[in-house]
Amino acid sequence: EFLNNLTEKIYEFRDKKIHEFRSGIFEFLRKRKIDNLDALNSKKALHLDDQRDSEDSKQKSMYSERKEMDKEIRKMSNKIRSLEKGFEEAESRIAEMDKIMTSGEEVHDMDFYNSYERLKQKIDTDFPEWEKLQKKMEDLKRKRNSLI
């Protein structure tokens, strides 16, 4: 109680570092979860503090890892959406071309047939990539959820 009205800052020397607390002595003791200044010097208090620091560090590490996974999931999701949009456009164009070819109307333009084949090939080459991204994203989501 004596020190509480005399100080506005407290400096603690711990772990070869200087920690500054901008509060009274009671607030400092509360933050450190100790009853009095004598407990601060005990090994038990130091051990508890080190344990808390270790837990904080572990939480920060897990948060950082989840954040990176979320970023990767968003990238994959955007790529998947882009591929799906490409599939929709290609399939729509192929359907239009199929109608033209089945209408009985003769098409003499080779570019028409080449375009048709390119659209089919694009779907065939992009689909395995889409499948791979879907699986990878599911695995990453599962791993991310296990970190919670």
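The values are calculated or read from the model by the stated rules, or taken from the named source; none is laboratory data. Just so we're clear, the structure is a prediction, and the values are computed from it rather than from any experiment. FYI the Cβ positions are ideal-geometry reconstructions off the backbone, even for glycines, and counts take in every protein chain you see. For accessibility, only protein heavy atoms count, side chains too; no ligands or nucleic acids. Shrake-Rupley method; radii C 1.70, N 1.55, O 1.52, S 1.80 Å.
For this structure, a couple of remarks:
- Label point distance in nm, residue 11-residue 123, each placed 7 Å from Cα along Cα→Cβ: 7.4 nm
- A convex hull fitted to the Cα coordinates of the stretch 58-132 yields 74 cubic angstrom per residue.
- Note on residue 8: accessible area is roughly 150 Å² with a 1.4 Å probe, heavy atoms of protein only.
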